[in-house]
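The values are calculated or read from the model by the stated rules, or taken from the named source; none is laboratory data. As the structure is a prediction and not an experimental result, all values here were calculated from the model. Note that we place each Cβ from the backbone using ideal geometry, even for glycine, and neighbour counts take in every protein chain shown.
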Ligand SMILES: Cc1ncc(COP(=O)(O)O)c(C=O)c1O
């Protein structure tokens, strides 16, 4: 039986995703014509030729001015920007009476808006999972500065999921009447664990506002904001459909907007500001969160990208990614050196249950010693395979996965000369003997069986 036949026997639903093969051949042909094996979809999605053409068409046919006016070219830009805004809500099934959208440069920009504006104060709390992107971790600096308590919910090995009892105990820490914010990723960018969306209502009932980081989840999963209603949802559009870069959004519940106090005002965020009167009035809704002129020539490409995903179908994308991830895990986890030592150790779940399409591993030689992830990346580069290595800006999950303890970190951070400066190489030396990173292989919308087979054959080449 050929490997493809074995694959289809094990993952029969993959065949239903054949329309995506056709789309790849027509709309992403440069992927195969250049011989690239792209396996970094969690880093960034890929765009279809047609998205670029449709966007170019809009730009070449219209005349667009700064939307802060009401002249005809300005109105033309406003029309496209507001159309895209409405489309974002529609795509995520968010009721416009309930949710608003502010355009940001990326997910980190959306997270910073929440961090700098949330009313952290003594008695209040910022609760977050160990498993979080640094742009969510970074919010703790606003919480610290304003005297709120910061608590991390730990992860359990080997799957890097959160212990529900522990979470329930942490959620009981919210003080009534205080402002409490709970943040977690719908899907981890390290282990690809999908954390339960049921936590949203549970946390809200316990007195928390909920920030759901959807950056790694949205590209391959249906996010239904009528079914689950987080208060703040940051995301980056280039991760969902590749083009354009430089745009993200903060989707925010309208009834929580009043809680966010911008620390400054800027062009576009006020109704009235006075120099002599030393006073300003913030605009209502999303306008208060969009500093200066929005990226009005690129924002129309968001609607084009979302329509592209809708035409393919997010559930079909999800199923394709599940099948390919399953095949990748099935094959990678059984590879062993002649000594019997397994080739990889997977950080996170080894089946497709409640996990997404990123597989994070370290490789080991026949003696069981870890191979430096940078060497794996260099070897993959030589075969035109694009992977991601390092800790993917998720130090909490990385520390748990790699067994780096609090004590070891304290020793590093308090070492002479390391009060204010620590390079990555210093850090490597400091936690000598332990890996400081891993290799992430992430499958996405237009990945196919051949991509996975090319990677598996690369991995087999590392066996001794
Ligand atoms: C889960 C998660 N959150 C936030 C971000 C930040 O996204 P950006 O770098 O586009 O701001 C990323 C990026 O990889 C991510 O994976």
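Overview of values
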| read-out | value |
| --- | --- |
| The range 374-398 - residue that is outside any loop (DSSP other than H, G, I, E, B) and within 19 Å of the chain's Cα centre (by Cα) and, of those, nearest to residue 441 (Cα to Cα) | 388 |
| Scope the range 357-366; condition in a loop (DSSP other than H, G, I, E, B) and either without any contact (Cβ under 8 Å) to a residue 12 or more places away in the chain or closer than 17 Å to residue 455 by Cβ (or both); matching residues | 357 |
| Single residue of 286, 261 found to be within 23 Å of the chain's Cα centre (by Cα) and under 30 Å from residue 121 (Cα atoms) | 286 |
| Selection from the range 117-140 of residues that are within 21 Å of residue 289 (Cβ to Cβ), surrounded by fewer than 19 Cβ atoms within 10 Å (Cβ to Cβ) and within 16 Å of the ligand (Cβ to nearest atom) | 138 |
| Entirely in the range 133-231, the helices (runs of 4 or more DSSP H) that have 2 or more residues that are within 19 Å of residue 398 (Cβ to Cβ) and in contact (Cβ under 8 Å) with a residue 24 or more places away in the chain | 134-137 |
| Selection within the range 221-235 - more than 17 Å from residue 254 (Cβ to Cβ) and surrounded by fewer than 17 Cβ atoms within 10 Å (Cβ to Cβ) | 222, 224, 227 |
| Lone qualifier among 107, 145 - being surrounded by 14 or more Cβ atoms within 10 Å (Cβ to Cβ) and either within 16 Å of the ligand (Cβ to nearest atom) or over 20 Å from the mean Cα position of the chain (by Cα) (or both) | 107 |
| Residue ID - farthest from residue 195 (Cα to Cα), chosen from residues in the range 335-366 that are exposed (fewer than 15 other Cβ atoms within 10 Å of the Cβ) and touching a strand residue (DSSP E or B) at 6+ places or on another chain (Cβ under 8 Å) | 336 |
| Helices (runs of 4 or more DSSP H) wholly inside the range 402-464 that include at least 2 residues being surrounded by 18 or more Cβ atoms within 10 Å (Cβ to Cβ) | 449-460 |
| Residue 284, sole failed condition from (1) modelled with pLDDT under 95; (2) within 16 Å of the ligand (Cβ to nearest atom) | (2) |
| Selected residue (only one of 389, 333 is within 16 Å of the ligand (Cβ to nearest atom), closer than 20 Å to residue 457 by Cβ and either at pLDDT 95 or above or in contact with a helix residue (DSSP H, G or I) (Cβ under 6 Å, 6 or more places away or on another chain) (or both)) | 389 |
| Condition met for residue 234 (within 14 Å of the ligand (Cβ to nearest atom) and either within 25 Å of residue 180 (Cα to Cα) or not in a loop (DSSP other than H, G, I, E, B) (or both)) | yes |
| When residues of the range 238-249 are limited to those that are near the ligand (Cβ under 9 Å from one of its atoms) and crowded, with 24+ Cβ neighbours inside 10 Å, the one nearest to residue 208 (Cα to Cα) | 248 |
| Among (1) away from the ligand (no atom under 16 Å from the Cβ); (2) in contact with a strand residue (DSSP E or B) (Cβ under 7 Å, 6 or more places away or on another chain); (3) free of Cβ contacts under 8 Å to residues at least 40 places away in the same chain, the one test that residue 71 misses | (2) |
| The listed residue being modelled with pLDDT of 95 or more and more than 16 Å from the ligand (Cβ to nearest atom), out of 209, 163 | 209 |
| Hits in the range 247-265 - residues which are more than 16 Å from residue 226 (Cα to Cα) and touching a residue at least 60 places away in the same chain (Cβ under 8 Å) | 247, 248, 249, 250, 257, 259, 260, 261, 262, 263 |
| Of all residues making up the range 38-51, the number that are away from the ligand (no atom under 16 Å from the Cβ), within 23 Å of the chain's Cα centre (by Cα) and farther than 12 Å from residue 446 by Cβ | 1 |
